[in-house]
Each structure stands twice: as C-alpha cells, then as structure tokens.
Amino acid sequence: MGKVKIKRKSTLIDMTAMSDVTVLLLTFFMLTSTFLQKEPVTVITPSSVSEIKVPTANLASILISPEGKVFISITGEADPNVADGEWGSEPIRAEIIRKAVSEYNRLHPSKKVTLTDQDVATFAKLNSFGVPMQALPTFLRLSQTEQDKVISDMSRNDVGIPIDDNKDLETPNEFQIWMRAIYSSGNDNLQSMMKKGEGIAVKADKGTPYSTVHHVLDNLQTLKMNRFSLMTALKTEQD
C-alpha cells in the first residue's frame with residue numbers, strides 16, 4: 001500500500017496589520033509624551049512627600065549645580081498661537097535676551113555686550129543657559145558640541161550666572177537682570193504664573209552648598225518674587 005503524503009500548509013503569517021498597529025502606537029506615544037530637556041549638569045534633588053507637579057509651560061527654572069553654579073531655563077506656551085498673541089519658547093527667549101543685554105549695557109556702559117541677530121537666534125534655541133554676560137557672545141558663536149563641552153565644565157570661571165547677596169535693585173547683579181527680563185518679557189501668561197508662584201521653580205542638588213541656594217532664594221525675595229516651587233524627588237518606602 002502506498003504511503004499517504006500529507007499536504008503541507010503554508011505557515012506564512014501576514015504581519016501587515018500588526019505593523020500598522022505598532023506604528024500607530026509609536027506615533028501616539030511620541031506625540032503625547034513630554035521629553036526631558038537636556039540639562040548642563042546632573043542634579044539629584046532631595047526627596048519629599050510633595051506630589052505637586054511643576055508645570056512644563058510658562059516656566060522659569062533655576063538650576064543650581066553641586067558646585068554652586070547657577071543656570072536658568074525658560075519655556076513658553078505649550079501650544080503657541082501667534083494670532084492669539086501667545087508666546088512659544090523660542091520667541092520668548094529671543095525677547096528675554098534682548099531685554100537682559102539692553103539692561104546690562106545700560107548699567108555697564110564701558111563693558112557693553114554686542115549680539116548679532118544670529119546670536120539671538122542661537123540663544124532662542126537653548127533650553128538652558130548659564131554664562132556671564134561678558135562671555136555670552138563668544139559662547140553663542142561656538143558649535144553645539146563646543147557649547148556642551150564648555151557648559152559641562154564646572155571648574156571654569158566663565159560658567160554659571162554670577163550671583164551675590166545684592167539688595168540694591170538700582171544696580172542689580174546678573175541673576176537679577178535675567179529674572180527681571182523674564183518677568184517683563186511681554187508674555188502675560190508667564191508673568192501671571194510667576195505672580196502665582198507657579199512660574200518659577202528652583203532645582204538644586206542635595207549636596208549643593210547652602211550659601212548658593214540662600215543667594216538664589218534671597219535674590220528672588222529681593223525681586224519681590226516671593227512665591228516659587230522647590231523641585232524635589234518623591235520619597236520612596238526606603239527613604
């Protein structure tokens with residue numbers, strides 16, 4: 001009796017539908033996720049039980065490194081609409097640097113800082129900045145790779161926004177000049193958030209020298225910016 005041959009069936013599976021679903025999911029998560037912005041230094045914040053979230057739009061964040069260097073980052077409207085007079089991050093940064101440099105030059109006529117339109121455009125793309133005014137033109141004309149190299153070297157004297165315990169707002173220090181420029185940028189929503197205390201966040205490493213943190217908080221109070229958030233990490237069961 002002859003051997004019966006069993007006809008083999010194809011094991012091919014059409015993955016087209018699965019691929020379509022995967023692409024749709026990836027697109028969804030990319031469009032709805034909030035990406036972490038690059039910071040010049042890694043900061044390990046102290047832990048607390050507070051669960052209040054810091055807003056991601058209309059915010060001036062002050063970062064203090066473990067070495068006591070001060071940086072500022074600025075975000076504008078989450079969904080800018082020029083027709084409605086709203087500000088995106090880049091337009092507001094461009095306005096802020098113009099105001100800050102203008103005020104610095106008024107106070108220091110013998111040491112004026114000159115920026116080109118390209119310098120302003122470069123600054124507008126920076127998420128975080130922190131160099132003295134005098135070093136700003138040179139810094140902005142570096143490539144991004146060179147900028148990252150400079151800003152990550154905490155041993156340099158030209159890294160970090162100068163700050164002290166100045167109380168005389170007729171002769172503000174550079175940190176005070178920047179914060180004033182942010183407040184008077186023209187973005188009413190940002191100004192309103194800063195008045196409510198939701199538009200200013202201070203982030204410091206748990207090992208940051210207290211003297212620098214004290215200078216930052218004292219400067220904010222001198223500027224009548226008495227309401228702000230301190231960024232912390234949520235305590236775990238092990239804390």
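Before moving on, here are some points about what is shown:
- Counting only protein heavy atoms and a probe of 1.4 Å, the accessible surface of segment 105-239 is 47% carbon and sulfur.
- Mean Cβ count within 10 Å, highest first, over the residues of peptides 166-173, 219-226: 219-226, 166-173
- Separation of the alpha carbons by more than 26 angstrom is noted, of K149/K196; K112/K206; K69/K167; K149/K195; K125/K149; K112/K196, for K149/K196; K112/K206; K149/K195; K112/K196.
- Remark: the T116-Q191 segment gains 24.3 nm on full extension, using 0.36 nm per residue and subtracting the alpha carbon distance.
- Protection proxy ranking, peptides 116-123, 70-77, 200-207, average beta carbon neighbours within 10 Å, highest first: 70-77, 200-207, 116-123
- S143 versus K206: modelled label distance in nm, points set 7 Å from Cα along the beta carbon direction: 3.9
- Taking a sphere under 13 Å around the Cβ of K224 and counting the other residues whose Cβ falls inside, with K and R at +1 and D and E at -1, yields a net charge of +3.
The values are calculated or read from the model by the stated rules, or taken from the named source; none is laboratory data. On a predicted model such as this, the values are computed, not experimentally measured, just so you know. Here Cβ is always computed from backbone atoms with ideal geometry, including for glycine, and neighbour counts include all displayed protein chains. Protein only, heavy atoms only, side chains kept; ligands, DNA and RNA dropped before computing areas. Shrake-Rupley method; radii C 1.70, N 1.55, O 1.52, S 1.80 Å.
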